[in-house]
Every structure is written in C-alpha cells, then in structure tokens.
2 protein chains.
Amino acid sequence: MKAYKDLSKEELLTLQKQLNKEYEEAKAKELKLDMSRGKPAASQLDMEMDFMNVLNADSIFKTEAGVDCRNYGIMDGIPEARKLIGDVLGVSADNVIVFGNASLNIMYDTVARSEIFGVMGETPWCKLDKVKFLCPVPGYDRHFAITEQFGIEMINVPMTEDGPDMDMVEELVNTDPAVKGIWCVPKYSNPQGYTYSDETVKRFAALKPAAKDFRIYWDNAYVIHDLYEEKKDTLLDIISECEKAGNPDMVYEFCSTSKVTFPGSGIAALAASKANLDFIKKFMTIQTIGYDKVNQLRHVRYFKDAEGMKAHMMKHAAILRPKFEAVFHVLESELNGLGIGSWTEPKGGYFISFDALEGCAKKIVEKCKEAGVVLTGAGATYPYKKDPKDSNIRLAPSFPTPEELAMATDLFVLCVKIVSVEKLLKEA
Amino acid sequence: MKAYKDLSKEELLTLQKQLNKEYEEAKAKELKLDMSRGKPAASQLDMEMDFMNVLNADSIFKTEAGVDCRNYGIMDGIPEARKLIGDVLGVSADNVIVFGNASLNIMYDTVARSEIFGVMGETPWCKLDKVKFLCPVPGYDRHFAITEQFGIEMINVPMTEDGPDMDMVEELVNTDPAVKGIWCVPKYSNPQGYTYSDETVKRFAALKPAAKDFRIYWDNAYVIHDLYEEKKDTLLDIISECEKAGNPDMVYEFCSTSKVTFPGSGIAALAASKANLDFIKKFMTIQTIGYDKVNQLRHVRYFKDAEGMKAHMMKHAAILRPKFEAVFHVLESELNGLGIGSWTEPKGGYFISFDALEGCAKKIVEKCKEAGVVLTGAGATYPYKKDPKDSNIRLAPSFPTPEELAMATDLFVLCVKIVSVEKLLKEA
C-alpha cells in the first residue's frame with residue numbers, strides 16, 4: 001500500500017469517494033459503542049464474583065491483632081491491608097496508608113491540603129502568586145483536571161518511550177521554586193502504555209528541587225496490570241530510590257484496586273515516607289474517623305497476599321489481551337505503511353495511544369461519534385484539553401466485547417483514513 | 001439524702017474518708033472500661049450480620065435503571081440509595097447526594113471547598129480576614145475540630161432544651177457577615193440529646209444572614225436513632241422549612257448509616273437545594289469518579305425502604321435502651337438530691353450529658369481514668385476543648401456491656417462525689 005502523501009490528487013479523490021461510501025454503510029449499522037474510558041468489561045467483573053462471597057454473616061471480622069473491622073477505629077488502614085498494598089508496591093507497610101475507594105480522591109485531597117495547609121511546614125500554595133505542575137504529555141485527563149481546578153499552571157513535558165523528557169524535568173524542577181509537582185503514571189502510562197526506564201526513575205530520585213515542597217505525584221495505577229505473564233514491563237521502586245538519593249520525602253505514590261476487583265468498590269492507598277505520612281495524618285484525623293475496613297478485610301481475605309493479587313491480574317489479562325491484540329491487528333493491517341498515523345503497543349495498562357496527522361484528531365473523534373463510536377475526547381490527554389498538534393487520540397479497548405471492538409476499530413481506521421485524505425486534499 | 005452544700009465541714013470530711021476508701025476498692029478491681037465514644041457495641045453489630053449476606057456472588061448488581069454497580073459510573077449515588085436516604089430525611093431524592101462511608105468527611109470537604117473555592121460564587125473564605133462559625137455548646141468535638149483546623153473562629157452559643165439560643169443566633173447571623181456557618185445536631189443533640197423544637201427550626205429557616213454564603217450545617221446524625229418506639233422526638237424538616245421561608249439554599253443536611261449498619265462501612269449523604277448540589281457536583285466530579293455503589297446497593301437491598309431502616313433501628317434501640325436506662329438509674333439513685341450534678345435523659349442518640357459543679361469536670365474525668373474508666377475528655381464538648389465552667393462531661397453508654405456499664409457508672413458517680421466534696425471542702 002502506498003503512503004497517502006504519495007497519492008496524486010486524483011487518487012485521493014477516488015479514495016475519498018470509496019471511503020465515504022464505506023462510512024455511509026457503517027453509519028447505517030447504527031453502532032452504539034464506547035471506547036472512551038478505561039472501564040473493565042462485564043466479563044472481567046463476572047470472572048471475579050467469588051470476591052463477593054469472601055465475607056458473609058459467618059465470617060470473623062477481626063484483624064489479626066483483634067480489631068473488629070465492623071466498628072470504628074484504625075484511621076490509616078488495617079495492618080494486613082497496608083502490608084498487602086506495600087508488598088504489591090514493593091515498599092514497607094509502614095510507608096502505606098489505605099484510604100477509601102479511589103486513588104483519585106487521595107490525589108485531589110493531597111493537592112487540596114497543600115493549597116490550604118502547605119506541605120510539611122512550607123507556605124500554603126493558596127498564598128503563593130504562582131504554583132506550577134509539570135505534566136508529561138500525552139497524559140491522564142483526570143490528573144490535569146485536578147490541577148486545573150486549583151488554578152495551578154500546567155507545563156507540558158513531552159513523553160518518550162523511557163518516560164518524560166528528563167532534561168526538561170530537571171531543568172524546570174531544579175531551577176523554578178514555583179514548580180511544586182509532576183503528574184506521573186510510571187508504568188504502562190496513560191495513554192501510551194510506556195514504562196519509565198530505570199534511568200528515568202533514578203533521575204527522578206536524584207532531582208534537586210528548587211522548592212522544598214516539590215513532590216512527584218507517582219500514580220502507579222497499573223503496577224500489576226500486565227497483559228502478558230512473560231513479557232511484563234518492570235519499574236524501579238521510586239520510594240527506595242528517593243531514599244537512596246537522599247530525597248526520602250520527595251514522592252507520593254498512589255494506587256488502587258479499582259481495576260483489580262471492582263471499580264468504585266476497591267481500596268486505594270498512598271505510599272510515602274514516614275515524615276510525609278505523619279504530616280498527612282494530622283489532617284486526616286480531622287477529615288475522617290476511618291475508611292471502610294470491612295472492604296479492606298474483604299480484599300485481604302480474597303487475595304491473601306501480593307502473589308494472590310498478581311495471579312488474579314492474569315485472569316484479567318486473559319480477557320484484556322485479545323482485545324488489545326485485536327486493535328493492534330486492525331491498526332496494523334489497515335494503516336501500516338499509509339503514513340497517516342502511528343500508535344503504541346503497550347504490554348499492560350488500559351490504553352493505546354494513537355497519533356494522527358496534525359490537525360486531524362478532533363475531526364476523527366467527531367466522525368467516529370457521528371457513526372456511533374464514542375472515543376475519549378480529542379485533546380483530553382493534554383492539560384486544558386489543548387493538544388497543540390490536535391493529533392493524539394486515546395483508545396480504550398477494555399469495555400467493549402471483542403466483536404464490538406472489531407466493529408469500533410474498523411470504524412476508527414475508516415475515520416482516520418477519511419480525515420487524513422481530507423487534510424491531504426486541502427494541502428494538495 | 002442531704003445536698004452536699006448543706007453538709008458541715010466535719011460531715012464532708014467523714015464522707016470524704018468513706019468515698020476515698022470506696023475509690024481504693026474500685027481501683028483494686030483494675031477496671032478497663034471505655035465510655036468515651038459513641039461506638040456501637042459488638043452485640044449491635046452481631047444482631048445485623050445478615051446484612052453481610054445481602055449481596056453475594058449470585059446477586060444481580062444492577063440498579064433498577066440497569067447500571068452495573070460493580071463498574072465505574074454514577075457520581076452522585078445510585079438513584080435508589082438517594083431515594084432511601086431522602087425518605088429517611090423526608091426530602092426528595094433530587095435533593096440528595098450519596099457519598100462514601102463518612103458524613104464527617106462530607107462536612108470536612110464542604111468546609112475545605114468553601115475555603116478554597118467559596119460558596120456559589122462568593123469569595124473563597126481563605127481570602128477573607130475572618131471567618132466565624134457559631135457552635136452550640138455543649139456540642140460535637142469533631143465538628144469543632146474541623147473549624148479549628150481551618151482557623152475559623154468559633155463562637156459559643158448556649159444550648160437549651162429547645163435547641164441553640166435563637167436570640168443569639170439571629171443576632172449574630174443576621175448582623176455579622178463573617179459568620180458563615182453554624183454546627184447543629186438537631187435531633188438528639190450530641191451530647192445532651194435535645195431535639196430542636198418546631199419553633200427553633202422555623203427560626204433557623206427564617207434567618208436573614210448578613211453573609212450570602214452563610215449555611216446551616218445540619219448534622220442529622222441521629223435522625224432515626226430513637227431509643228423508644230412510642231416516645232420518639234420529632235424534628236421538622238429543615239430543607240422544606242428553608243424553602244418555605246424563601247431561603248432554599250441556606251442549609252446543608254448531613255447523615256450516614258454509620259450507626260445504622262456498620263461504622264466505617266456505611267453510606268453517608270448530603271441533602272441540600274438543587275442549586276447547592278449542582279455547585280458542589282462541579283467540584284466532586286474532579287475529586288472522584290464515584291463512591292462505592294456496591295455498598296450503596298447493599299444498603300438498599302437490605303432495608304428495602306425507609307420503613308425497613310426504621311424497623312431495623314428498633315433492634316438497635318432494644319440493645320441500647322437498657323444501657324441508657326441503667327446509667328439513668330445509677331445517676332438518679334446515687335446523685336439525686338445531692339446538688340452536685342445534673343444530667344439529661346435523652347430518648348435517642350448516643351450520649352448523655354452530665355454537668356458537674358463548676359471546675360470539677362476535668363478532675364472527675366481524670367479520677368475515672370486513674371481507676372480504669374475512660375470518658376470523653378473534659379472540655380471536648382466545647383470549641384478549642386475549653387469548657388469555660390469546666391463542668392460538662394459526655395457519657396457514651398453504647399459500647400460497654402450492661403455489666404461493664406453498671407461498674408463504669410458506679411465508678412463515675414463515686415468520682416463525681418469525691419471531686420465535689422474536695423471542691424466544697426476547699427470552699428468551706
């Protein structure tokens with residue numbers, strides 16, 4: 001197949017006619033498909049229904065230390081849940097607080113607390129003229145939404161296959177005291193599925209921030225969300241790397257079981273240095289009496305240990321893997337060599353990142369929507385929803401059934417072709 | 001029995017010797033009892049274990065409208081949970097958002113949001129020189145802790161049997177624009193167990209606040225927490241009263257099932273006008289994707305409706321009532337006529353309020369602790385933990401067994417007597 005840019009105007013016009021015809025046929029199917037969010041499929045949830053039987057009226061609801069999980073008490077998570085999460089992250093239970101059902105909520109509250117009360121004795125951000133966050137792009141829209149709501153200035157940092165552009169990160173963090181944070185999804189990044197290299201992690205840990213209250217917001221959302229048993233990405237533990245580098249307090253690590261058990265009904269956690277956790281607990285103890293210990297206990301009893309949780313993730317992988325591969329297959333067979341788009345092929349996580357020709361992303365998403373396939377809004381992967389090249393599209397293959405996914409991806413590549421031809425014709 | 005103040009010095013000294021002897025005997029028992037917090041007893045939790053069987057692997061996890069509660073979606077609570085809570089509060093489901101496990105967390109976040117973002121377009125509180133809250137006293141320590149953490153100035157307003165001193169509330173709210181809120185526990189108030197009279201509620205609803213962003217923080221924590229089927233207190237619905245009075249946006253009402261099902265594993269809610277909820281949702285949608293819908297569904301399926309929840313509360317009452325009555329009995333039989341203390345006899349809620357002679361509360365609590373009975377810290381029922389008369393003590397009879405409670409209350413009245421005699425001897 002010839003690259004589109006090498007086609008003559010006549011060839012493009014002929015192609016356009018053909019593609020438009022295919023599009024009308026596709027529209028006639030009246031599809032109603034959703035590839036917009038990283039939502040587990042019903043089949044994944046059905047697969048783990050035994051989770052709902054782990055605690056019942058006949059269960060003992062006491063922790064190993066004898067605390068009744070049905071009653072008030074224990075603000076920072078039952079010890080066995082802190083250990084379970086600690087083992088998954090590769091850190092000590094002493095470095096973990098287990099919260100409620102959403103890591104996003106922990107991140108939001110962490111930023112809110114910094115705004116109102118400051119970070120470990122530093123000036124509250126709301127009293128500063130300017131607060132900045134670095135945002136590796138493309139990235140996670142809900143991260144950017146938090147910093148946007150608080151009026152924090154967001155600075156784009158380009159992603160590479162090894163993680164964010166560390167020259168730029170070092171330059172900005174080490175010289176600008178207004179830079180208070182950076183949003184990271186270090187493993188199977190959202191949306192590209194890149195995992196930060198060891199060198200990247202070490203360079204993060206070795207930062208010399210101009211701001212004492214600079215923190216790395218390390219959202220390890222996909223820590224055990226591998227698609228393959230054999231070819232897993234590996235990620236260095238940022239907490240111990242920061243310790244080794246003499247920056248023990250520089251990182252907050254977040255995770256949850258939203259895509260391990262049930263979204264919304266999982267448990268979420270923060271891992272950080274003892275000094276960070278002690279500071280945060282002073283505020284937590286006013287904000288809440290404690291989180292849902294029964295659900296924490298349910299998780300501990302179900303998985304038993306980190307190995308149990310990892311084994312469980314392979315059952316999710318068995319369902320997710322064919323979906324990712326189906327998308328890869330359609331993209332490859334339909335777009336390879338055309339020069340109108342490139343995409344990532346992650347080995348884990350929940351997303352595939354697609355880069356269209358410049359100025360085409362919005363139109364592609366719109367065209368898909370018109371024919372019944374909902375994608376994540378174009379621009380969503382950038383702060384302020386502004387993709388400067390209007391090129392990046394996030395594909396979320398998890399929710400549709402494989403059959404739906406094939407239809408949705410077929411439509412997607414068709415729209416990519418149509419919008420690309422339009423662009424080339426305009427420029428011709 | 002003669003009032004202590006009418007005893008001669010000699011009589012007091014004889015009495016003191018006798019009481020001290022009793023105290024030494026009590027200490028020798030090495031009690032370890034806790035009357036400090038409003039914590040349900042294990043027997044209450046054991047009584048409702050069938051709650052844990054309501055959802056299991058074979059259950060259907062869909063809402064009536066077909067939403068899968070196991071997955072992401074629905075930020076503001078599943079409709080049937082909003083209806084259940086609405087029916088309990090006597091308001092429309094449209095006026096309800098169901099959150100996570102703790103109403104305290106909702107209250108904290110409501111204050112935090114007002115600090116950072118303001119209330120419906122008004123200036124964020126963090127930008128104001130002074131923000132004040134009215135605090136009916138004695139009151140709930142965790143309310144006061146929130147406003148203290150945010151540096152909000154707290155003004156004591158005396159409680160009466162009909163609720164807060166409304167002359168003072170009207171005077172302050174209607175003239176001082178720095179007054180942004182008032183903490184209320186309107187039914188079975190913490191700690192006195194008083195329920196606001198209809199006139200009080202109507203006067204609340206008819207306030208003409210100097211501050212547009214003044215809100216009543218109506219913590220209806222004990223809305224269905226009656227001890228008696230027949231002689232329940234009744235409380236007017238503040239939401240509709242505010243509407244009728246032309247102040248629809250003036251109130252936030254909070255509640256939870258922490259003392260209905262399991263503390264920490266219940267559901268919590270906010271009820272308010274649509275305008276308030278719409279404003280709040282703009283921030284919520286950034287803070288979280290949603291709360292635990294499986295647990296919301298569990299509550300709906302277990303109780304079916306508000307009547308089911310009220311019937312369930314009578315089972316709690318059957319366990320709690322004898323405990324309250326045991327305390328009343330000991331107080332009455334041991335202290336009546338002595339003139340060294342007065343107490344409330346609530347028909348619901350979780351507490352009994354005791355007023356000792358001035359300057360005696362701290363010493364009584366300390367003396368109890370020394371002999372192994374932990375009470376809520378003296379002063380806790382006042383802002384800044386400062387009871388100006390050092391007189392109020394909160395008794396929480398729910399957690400100990402009846403036998404323990406008898407021992408604990410016996411010790412309590414003994415300590416009241418000892419400390420009172422000391423005081424009278426000093427003054428003699």
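Since every read-out is calculated from the coordinates, none of them should be taken as a lab result. Please read these numbers as outputs of a predicted model, since none were measured by experiment. All Cβ positions, even for glycine, are placed from backbone atoms using ideal geometry, and neighbour counts span all protein chains on display.
So here's what we get for this one:
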item	result
Percent antiparallel among DSSP beta bridges (both partners in the range B:64-304, rounded to 5)	35 percent
Order of B:141, B:129 - criterion: other Cβ atoms within 10 Å of each residue's Cβ, fewest first	B:129, B:141
Charge dipole (the protein assembly as shown, unit charges on Cβ, about Cα centre) - positive-most of A:413, B:223, B:205	B:205
Sequence-separation-based contact order of the range A:152-255, relative, with Cα cut under 8 Å and 6+ spacing, percent	29 percent
Qualifying trypsin sites (Lys or Arg not before Pro) in the range A:1-90, DSSP loop, other Cβ atoms within 10 Å at most 14	A:2, A:29, A:32
Percent RCO, i.e. relative contact order, over the range B:256-365, from Cα pairs under 8 Å lying at least 6 residues apart	15 percent
Alpha-carbon Rg with Dmax, taken over the range A:61-304, Å	17.4, 52
Candidates per GluC sites (Glu not before Pro) in the range B:5-79, loop by DSSP, up to 11 other Cβ within 10 Å	B:30, B:64
Inter-label distance, nm, simple model (7 Å from Cα along the C-beta direction), residue A:282/residue A:406	6.0 nm
Neighbourhood net charge (13 Å Cβ-Cβ; Lys/Arg +1, Asp/Glu -1) for residue B:377	+3
³J(HN,Hα) computed for each position of the range A:51-65 - Karplus, 6.51 cos²θ - 1.76 cosθ + 1.60, integer Hz, glycine/proline x	3, 6, 9, 5, 10, 8, 4, 8, 6, 8, 9, 9, 6, 4, 7
Choice from B:289, B:319, B:238 with maximal GNM fluctuation in chain B (Cα, 10 Å cutoff)	B:289
Sequence of B:409, B:401 once ranked by neighbouring C-beta atoms within 10 Å, starting from the fewest	B:401, B:409
Calculated FRET efficiency for the pair residue B:8/residue B:366, C-beta based, R₀ 30 Å, to 0.05	0.65
Label-point separation, residue B:42 to residue A:229 (7 Å along Cα→Cβ), nm	4.4 nm
Anchor residue B:426: aspartates and glutamates whose Cα lies under 19 Å away (excluding residues fewer than 8 positions away in-chain)	B:6, B:10, B:11, B:358, B:366, B:390
Antiparallel %, DSSP beta bridges [both residues in the protein assembly as shown], to 5	45 percent
Surrounding net charge for residue B:287, when Lys and Arg each add one and Asp and Glu each subtract one, Cβ distance under 11 Å	+2
Residues whose placed amide H lies under 5 Å from that of residue B:160, excluding near-sequence neighbours	B:165
Residues residue A:128 and residue A:198, FRET efficiency given R0 of 22 Å [Cβ-Cβ distance, rounded to 0.05]	0.05
Over chain A, relative contact order from alpha-carbon pairs under 8 Å, at least 6 apart, %	26 percent
Residues whose placed amide H lies under 5 Å from that of residue B:189, excluding near-sequence neighbours	B:194, B:195
Amide proton proximity set for residue A:251, modelled H, under 5 Å, gap of 5+	A:216, A:273
Cleavage-rule hits (trypsin sites (Lys or Arg not before Pro)) in the range A:175-279: DSSP loop, at most 12 neighbouring Cβ within 10 angstrom	A:231
Bridge type composition, chain B - antiparallel percent by DSSP, nearest 5	45 percent
